Amino acid sequence: QVQLVESGGGLVQPGGSLRLSCAASGTIFSPNVMGWYRQAPGKWRELVATITSGGSTNYAESMKGRFTISRDNAKATVYLQMNSLKPEDTAVYYCNLNFYSRNYWGRGTQVTVSS
């Protein structure tokens, strides 16, 4: 059974930074892709960024230059460094793990950007 546990969300002022973490546990196979998605109230869940077990990254266009995804394969953990946060970044951020066409999700962590 694969489990994903996110942490690091919270309330931050516009222009501030947050670092999200997601630790995976259970039987995980490589190659795999870990990533972050987000869902704002009344909107569809959208891609933020993904990173393969080999280190290749992919970002949604609006996050490029502000967000950085990274991972520690030894710890089975993925990170999301978010800088220059805007009120429109407010959402629940979900961790995702995909391998062998199986998709796993964390429960999400709330990020609120407000003054």
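Within straight-line reach of LYS64, meaning a Cα separation under 22 Å, sit the following lysines at least 8 residues removed in sequence or on another chain: LYS43, LYS86. Within the shell of other residues whose beta carbon sits under 13 angstrom from the beta carbon of ASN32, the net charge comes to +2, with Lys and Arg scored +1 and Asp and Glu -1. Describe numerically, in nm with one decimal, the distance between label points set 7 Å from Cα along Cα→Cβ at SER101 and at SER114. Result: 4.3 nm between the two label points. Summing Lys and Arg as +1 and Asp and Glu as -1 over all other residues whose Cβ lies under 14 Å from the Cβ of GLY9 gives a net charge of +1.
Return the percentage of antiparallel bridges among DSSP beta bridges fully within the chain, rounded to the nearest 5 %. Of the beta bridges lying entirely in the chain, close to 95 percent run antiparallel.
The charge dipole of the chain, taken about its Cα centre with unit charges on the Cβ of Lys, Arg, Asp and Glu (plus for the first two, minus for the last two), comes to roughly 60 debye. Backbone geometry of region 71-87 corresponds, through the Karplus equation with coefficients 6.51, -1.76 and 1.60 at θ = phi - 60°, to 3J(HN,Hα) couplings of 8, 10, 5, 5, 9, 6, 10, 10, 10, 9, 8, 10, 10, 6, 5, 10, x Hz, x marking Gly and Pro. Start at zero, step by 10 Å, and the Cα-Cα distances of the chain spread as 15, 50, 29, 6, 0 percent across the bins.
Where a number appears in this text, it was derived from the coordinates with a stated rule and is not lab data. Keep in mind the model is a prediction, meaning the values are calculated, not measured. Reconstructed Cβ throughout: ideal geometry from the backbone, glycine too, with neighbour counts over all protein chains shown.
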